[in-house]
Amino acid sequence: MSNGQTVGYVRVSSVGQNTARQLDGLTLDQVFTDKCSGSDTDRPALKAMLAHVRKGDTVVVHEISRLARNTADLLALVKQLTDKGVAITFQKEGLTFTGDKANAMNQMLLTMLGAVSAFELAMINERRAEGQAKAREAGKHMGRHAKLTADQAETLRKRAAAGESKTDLAAEYGISRATLYTVIKAAA
């Protein structure tokens, strides 16, 4: 391949997901890992990886959807890397892109698989929204449970209005000061 570094990029959609399987068994000089959505390119490790790589390096990604879930972003990222002289390999798909002449078949596959990945994300979001709507219709609680009961919130507001220390109140009720101010503001 090259005399540069072999750099891994790993992405999962949430903090609780395991990243171990993505580049398991590869010898990499450095790995950049994001635990957030791939729907846009505003990701800290992605930005750090893009700033880190140099001409002659190779970036290895487990599969196309790990780099981007948006076709335009995917194509732009691959172009940005290859324009910089950095090769990019997608393991699962067996595709590698370099700064050399673009292989027309690989370029078509990248575009098509990027579109499939974007479609998959849209379907995931659609199913999530449908499930949430059904749960709301069934009267299920959505989101976090309240830290305070209505009676506790009312008592807290009265005590804060009477001049008690907000820091002491937050500690007594086991809530942050930000939550305390949200509870107080909710009465206004």
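Values as computed for the structure displayed
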{"read-out": "Hits in region 49-81 (condition: closer than 19 Å to Val12 by Cα and of a type in the set (Gly, Ala, Ser))", "value": "Ser65, Ala68"}
{"read-out": "Residues of region 42-62 satisfying the condition of being free of Cβ contacts under 8 Å to residues at least 40 places away in the same chain, open to solvent by less than 50 Å² (accessible area, probe 1.4 Å) and either β-branched (Val, Ile, Thr) or not in a helix (DSSP H, G or I) (or both)", "value": "Arg43"}
{"read-out": "Residue within region 132-146 that is open to solvent by less than 60 Å² (accessible area, probe 1.4 Å) and either at pLDDT 90 or above or under 29 Å from Asp40 (Cβ atoms) (or both) present", "value": "yes"}
{"read-out": "Qualifying residue in region 108-126 (condition: at pLDDT 90 or above and over 30 Å from Lys79 (Cβ atoms))", "value": "no"}
{"read-out": "Selected residue (only one of Leu121, Leu113 is within 19 Å of Val12 (Cα to Cα), touching a residue at least 12 places away in the same chain (Cβ under 8 Å), open to solvent by 60 Å² or more (accessible area, probe 1.4 Å) and in a helix (DSSP H, G or I))", "value": "Leu113"}
{"read-out": "Residue, farthest from the chain's Cα centre (by Cα), within region 8-39, restricted to residues that are surrounded by 15 or more Cβ atoms within 10 Å (Cβ to Cβ) and basic (Lys, Arg)", "value": "Arg11"}
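The values are calculated or read from the model by the stated rules, or taken from the named source; none is laboratory data. All values derive from a computational prediction rather than experimental measurement. Backbone-built Cβ (ideal geometry, glycine too); neighbour counts: all protein chains shown. Quick note on the areas: whole protein, heavy atoms, side chains included, nothing else; ligands and nucleic acids left out. Shrake-Rupley method; radii C 1.70, N 1.55, O 1.52, S 1.80 Å.
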